[in-house]
Amino acid sequence: MSVADGGRQWPDEVSVENARATLLQLLARAGVPSDDARQLIGLLEAGALALAHEELSSGRSAAGEKDEPYASGRLDGAREVLEELGAVAERTLVRAVGAAGEQGPAGERPRARRMEVERARVAVTPLYLSFTEVSELDPEVTDEVLAAVLGTMSPRQRAGYAGRLTEFAADHRARLERMFAGYGPGSAITMHGRYSLLHSATSIAVLERLAAAPRELREEWDAVELPPAWLDGLTTAWSTPA
């Protein structure tokens, strides 16, 4: 569609593919493996479709309030379009995380990829800083801890992990505030030891898994040989009443 047509100036298929190829090249120059880059772009595409589906679904009920044949037919048509939009979002997500997005080929959970670890890091950092400050005692094992955390989830679950973390932090805000005040940076407990992980942004991710999948977390923790005392310390801090 040309500008002279006066309609919506949406990118056509060729332009969308050009943007995708450009982004892949830029990410490659930055050292991002092509598989990771394609997955990240796929998640963005699936997410855009899913958010559009959610937005349209939330406004659909108003159209059906009129008791008229036209309104009823319009609602049926809108429902069909929404169902197809949801199906497109699902197919896009499957392409991004793989057909075996729930588990690996032998039923196991595959190891976390570099881009998955980086997405988790981006998600936990602002949440952590909403409760406490940057600590000089950060144990600097971010990748290892996040890999253990992500190892408890399927690739599909990892795709929505940022939202899960945000929901967890909101649901337990008061409890987390008390815990970081008592054991985290700025507290009387500032030495390295069993509470060291509370000086790392990864503590938010570990706490969410302690609440959601403690057995799986312990298995992954032991598998990557992280200090057992760190996990025990977080468990104690999380369980201690205010």
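The values are calculated or read from the model by the stated rules, or taken from the named source; none is laboratory data. Computed from a prediction, not measured in an experiment: that's the story for all the values here. When we count neighbours, we look across all protein chains shown, and the Cβ atoms used for this are built from the backbone with ideal geometry, even at glycine. Keep in mind that these areas ignore ligands, DNA and RNA; they rest on the heavy atoms of the full protein, side chains included. Shrake-Rupley method; radii C 1.70, N 1.55, O 1.52, S 1.80 Å.
Kindly indicate whether Leu231 is over 30 Å from Asp36 (Cβ atoms), open to solvent by less than 40 Å² (accessible area, probe 1.4 Å) and of a type in the set (A, V, I, L, M, F, W, C). No; evaluated as a whole, the condition is false for this residue. The requirement of being touching a Pro at 6+ places or on another chain (Cβ under 8 Å) and surrounded by 15 or more Cβ atoms within 10 Å (Cβ to Cβ) is satisfied by Ser135. Residues of the range 141-152 that are more than 11 Å from Val206 (Cβ to Cβ) and buried (at least 24 other Cβ atoms within 10 Å of the Cβ): Leu150 alone. Exactly one residue out of Leu27, Leu43 is in contact with an Asp or Glu (Cβ under 9 Å, 6 or more places away or on another chain) and at pLDDT below 90, and it is Leu27.
Residues that are in contact (Cβ under 8 Å) with a residue 40 or more places away in the chain, of a type in the set (A, V, I, L, M), under 15 Å from Met115 (Cβ atoms) and part of a helix (DSSP H, G or I) do occur in the range 154-163, at least one of them. Here the range 154-167 is the region considered, the condition is being at pLDDT 95 or above and more than 8 Å from the chain's Cα centre (by Cα), and the residue that is surrounded by the fewest Cβ atoms within 10 Å (Cβ to Cβ) is Glu167.
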